[in-house]
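Inspection log for the structure reproduced underneath, given as structure tokens.
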Amino acid sequence: MSTSLLVALLLLVGIAEGRDGPRSPCTDLLPLDLLSRALPTAGGALQGLCIVQDQGTRGLRLLAPAGHRALSFPASQLFVNCDLFPAEFSIVVTLKVSHPAAQRGEYIFSLVEEELDLLLLGLQVGQEKLQLLVQDGSGQRRITVRGVPLADGRWHTLVLSVTGRHATVTMDCDTLFETSYDRPFPVALRTTGSMFYIGSRRAQRGLFSGLLRQLVLLPGLDAASRICPASDPRLAVLSVPPALLEIPGIPLGDEALTHPHGAGARLTQGSRPPCAESKQAQLWFDTVDNGLFLCDGLTWVDMLQKREKLDYLEDHQDLHTLSETLDIELFHVPSLGLFAAMANWESSFGSRIYKWTDGKFQLYQNISTSEALAWKFFTVDDKMFLAAAISKERDQGGRELSVIYKWSPQRLQFLLYQSLETHSARDWEAFHIGGEVFLAVANLRQGNNNHNIDSVIYKWNPSTEAFEVNQTIQTSGAYDWEFFTVGPYHFLVVANTFNGVSTHIESMIYIWLGGIFQPFQAITTLGATDWEMFRIGSRVFLAVANSQKLCQEGPSVYALNSTIYELDMTMKMFLRFQDIGTYSAVDWEFFTVGDEKFLVVANSFNGQFHSLNSVIYRWQGYEGFVPVHRLPTIGCKDWEFFKSTEDSYLIYSSATEPLSKVLRLKTF
């Protein structure tokens, strides 16, 4: 790998460390785009605010009475690994101030501790002055910078920098204002339980009446040097939300801009215009075929086509497995169709493979297994394999083994192919990188007590046609691996469940660099048993299933939040997006019906009973995921979604009953 490429990779993922070790999580923060974080996602409704084009530039205007709630979000979304507000920082804001704002003073943003309604930090604009209100040990105080002429009816970009006892304001890369104050900015301003409010102080009173285009918090003091000089200093850019970027240039030909305020609607009588990221959320009306289309950044989506929507679910098939089933793996065999491999616990019955025939699963093959825990289907070139995580299979030397089976085109069955040493393996993950095939095993423990052991990544050797050890990674009670790719970068995340003392431990995301996986980000979890990666548009999410809170003291807790994280491309890390209350969650499954997106969780135990409702959540854009269906399940262990030529289905397995169920999704 060239030096320039390696440097670029390190800059992208933000994992470069100093010579003396990792940097503090309180000082590791990258630019935080507050405005983008508060705005609804692409396609989400703008409630309580609107986009206004003024002097050829787009900005946000808050609307009373809902404006004070329109742009808000928890501080925990930004301060993930450290809840301290940075002691040295810059704030970059591009705004157009109205005369009322200059007269009475209005908030550009505030940070409010919710339970006590306590203002921790706030930035106000007033009559030729900026005021930073901050809560410290002696109460609230104001840091005032005077002589800042904003109310002239024009756009301006300000950089407020705070360090120690000094504050400076750079205006339009040109004018500099300075002030000093008695006490330094607090070094331990905690943000726990607080919310950011953009353009308000959590109340309608003092709502910012001007326009906002950019609002970025940058730990450190170099914001002015990063955006200046600029071709247009009044609109100098560090980070502007995509919704506020200028309207793309109008192509010559048969297209005409039909709305003077940049709504993005276009009319054409010729060929379909290109849909690209720059045209995301634009409408195109086809006057020839009377069609209305929306650009999603890649393709034009027909807005008038009838969409399939989920109505309810009905029982379709009871699958009697003769044993508790801990995992279901769905896969297709060319020319034969859909199969389901069931990881059955009882050794006397083995594990069963079912084939989808005439709208039902029918027994196809039985494979001898001893306390099977998971299956993974994968391909190597044109060869098909099933890897089984098995708890009690052992060789003559007493080594614990998991087994790989290979599909025989002649016998039309899976046959024993290779055995690999594992330690109470809980999961296999197969993936391809650069034409090479890998298998990662999640080793739970060695013996009865040693949970802090290596999990192993194997690589396919084309010469020997077998898997060989490629890398070992230290894990703590590993339960699941999830592989995914974002652009040119490959990630592997492990669900660490238990370290021998507590389930309150870190699960780790790794990134592929230099031919191996290296640590990218640690996320605190509670008995994590599953990761589910999914995409909505261009957004990337990771959902973790937290199963239990167990420490040396006190009883186990099973009613916990499981959490959805979103990849923030600015900060180069996954940030907490949404917490969802679950009961010993052990699996997430993401699926789509028409244009709707869903997550279903496997709730397995509440501390007393295994008979619980598992829940389907629907994506609601700005609201995140909301519950829409509750499904009675018993010891639910795994959910899988699949489609036939006629319908869509969900199948779940039970870890406490010898029964799996197939549910049919009824749509309208």
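The values are calculated or read from the model by the stated rules, or taken from the named source; none is laboratory data. None of the values given here were measured: they were computed from a predicted structure. All Cβ positions, even for glycine, are placed from backbone atoms using ideal geometry, and neighbour counts span all protein chains on display. Surface accessibility is based on the protein's heavy atoms, side chains included, excluding ligands, DNA and RNA. Shrake-Rupley method; radii C 1.70, N 1.55, O 1.52, S 1.80 Å.
Would you check which residues across region 339-378 are surrounded by fewer than 16 Cβ atoms within 10 Å (Cβ to Cβ), of a type in the set (S, T, N, Q) and not in a strand (DSSP E or B) and list them?
Within region 339-378, S348, S368 meet the criteria.
From the set of residues in region 480-526 that are open to solvent by less than 30 Å² (accessible area, probe 1.4 Å) and in a loop (DSSP other than H, G, I, E, B), which is farthest from R426 (Cα to Cα)?
S502
Tell me the residue from A167, A188, A151 that is modelled with pLDDT of 85 or more and open to solvent by less than 60 Å² (accessible area, probe 1.4 Å), please.
A167
Tell me whether region 135-147 contains one or more residues that are closer than 30 Å to G56 by Cβ, part of a strand (DSSP E or B) and over 33 Å from the mean Cα position of the chain (by Cα).
Scanning region 135-147, I find at least one residue that is closer than 30 Å to G56 by Cβ, part of a strand (DSSP E or B) and over 33 Å from the mean Cα position of the chain (by Cα), so the answer is yes.
Only residues that are among the β-branched types (V, I, T) and open to solvent by less than 10 Å² (accessible area, probe 1.4 Å): list them for region 588-599, please.
Within region 588-599, V593 is the sole residue that qualifies.
Kindly establish whether L49 is under 22 Å from L235 (Cα atoms) and modelled with pLDDT of 80 or more.
Against the criterion (under 22 Å from L235 (Cα atoms) and modelled with pLDDT of 80 or more), L49 does not qualify.
Looking at D427, D381, which one is within 33 Å of the chain's Cα centre (by Cα) and surrounded by fewer than 20 Cβ atoms within 10 Å (Cβ to Cβ)?
Of the residues listed, the single one that is within 33 Å of the chain's Cα centre (by Cα) and surrounded by fewer than 20 Cβ atoms within 10 Å (Cβ to Cβ) is D381.
Can you tell me which residues in region 149-168 are in contact with a Ser or Thr (Cβ under 8 Å, 6 or more places away or on another chain) and either under 25 Å from R61 (Cα atoms) or in contact (Cβ under 8 Å) with a residue 24 or more places away in the chain (or both)?
A151, W155, H156, T157, L158, V159, L160, S161, V162, A167
Could you list, in sequence order, the residues of region 430-446 that are open to solvent by less than 70 Å² (accessible area, probe 1.4 Å) and of a type in the set (G, A, S)?
A430, A440, A442
Being under 25 Å from T357 (Cβ atoms) and either part of a strand (DSSP E or B) or β-branched (V, I, T) (or both) is the filter here; which residues of region 632-650 pass it?
K637, D638, W639, E640, F641, F642, K643, T645, S648, Y649, L650
In this structure, is L207 part of a loop (DSSP other than H, G, I, E, B), under 35 Å from the mean Cα position of the chain (by Cα) and surrounded by fewer than 18 Cβ atoms within 10 Å (Cβ to Cβ)?
no
Does L211 meet the test of being in contact with a Gly (Cβ under 7 Å, 6 or more places away or on another chain), touching a residue at least 24 places away in the same chain (Cβ under 8 Å) and not charged (D, E, K, R)?
When the stated conditions are applied, L211 passes them.
Out of everything in region 527-539 that is open to solvent by 10 Å² or more (accessible area, probe 1.4 Å) and either within 14 Å of T485 (Cα to Cα) or of a type in the set (D, E, K, R) (or both), what residue ends up being farthest from the chain's Cα centre (by Cα)?
D530
Kindly indicate whether L373 is touching a strand residue (DSSP E or B) at 6+ places or on another chain (Cβ under 8 Å), under 19 Å from D427 (Cβ atoms) and not small (G, A, S).
In short, yes.
Can you give me the number of residues within region 384-417 that are open to solvent by 30 Å² or more (accessible area, probe 1.4 Å) and in contact (Cβ under 8 Å) with a residue 12 or more places away in the chain?
9
Please enumerate the residues belonging to region 283-301 that are under 21 Å from E596 (Cβ atoms) and at pLDDT below 70.
Within region 283-301, D296, G297, L298 qualify.
Being open to solvent by less than 30 Å² (accessible area, probe 1.4 Å), in contact with a strand residue (DSSP E or B) (Cβ under 6 Å, 6 or more places away or on another chain), aliphatic (A, V, I, L, M) and at pLDDT below 90 narrows it down to one of L244, L212, L238, L217, so name that one.
After applying the criteria, what remains is L244.
Could you check region 615-650 and list, in sequence order, the residues that are open to solvent by 60 Å² or more (accessible area, probe 1.4 Å), touching a residue at least 24 places away in the same chain (Cβ under 8 Å), over 27 Å from E566 (Cα atoms) and not charged (D, E, K, R)?
I634, the sole residue that qualifies.
Spot the failing condition for F331; the list is (1) in a strand (DSSP E or B); (2) open to solvent by less than 20 Å² (accessible area, probe 1.4 Å); (3) closer than 28 Å to H610 by Cα, and only one is missed.
Only one criterion is unmet by F331, namely (3).
Within region 651-668, can you find the residues that are open to solvent by 20 Å² or more (accessible area, probe 1.4 Å), assigned to a strand (DSSP E or B) and among the hydrophobic types (A, V, I, L, M, F, W, C)?
Correct list: L659 only.
Return the residue satisfying two criteria in turn: it lies in region 220-235 and is under 21 Å from G59 (Cα atoms) and without any contact (Cβ under 8 Å) to a residue 24 or more places away in the chain, and of such residues it is least open to solvent (accessible area, probe 1.4 Å).
Ranking the qualifying residues of region 220-235, first place goes to D232.
Say whether the condition of being assigned to a loop (DSSP other than H, G, I, E, B), surrounded by fewer than 13 Cβ atoms within 10 Å (Cβ to Cβ) and of a type in the set (V, I, T) is met by at least one residue in region 457-466.
There is at least one residue in region 457-466 that is assigned to a loop (DSSP other than H, G, I, E, B), surrounded by fewer than 13 Cβ atoms within 10 Å (Cβ to Cβ) and of a type in the set (V, I, T).
State all residues of region 600-614 that are outside any loop (DSSP other than H, G, I, E, B), open to solvent by 10 Å² or more (accessible area, probe 1.4 Å) and either free of Cβ contacts under 8 Å to residues at least 12 places away in the same chain or touching a Lys or Arg at 6+ places or on another chain (Cβ under 9 Å) (or both); if no residue qualifies, say none.
The one that is outside any loop (DSSP other than H, G, I, E, B), open to solvent by 10 Å² or more (accessible area, probe 1.4 Å) and either free of Cβ contacts under 8 Å to residues at least 12 places away in the same chain or touching a Lys or Arg at 6+ places or on another chain (Cβ under 9 Å) (or both): N613.
Please determine, by comparing only the residues of region 582-599 that are within 21 Å of L310 (Cα to Cα) and assigned to a loop (DSSP other than H, G, I, E, B), which one is modelled with the highest pLDDT.
Only one residue fits best here, namely G594.
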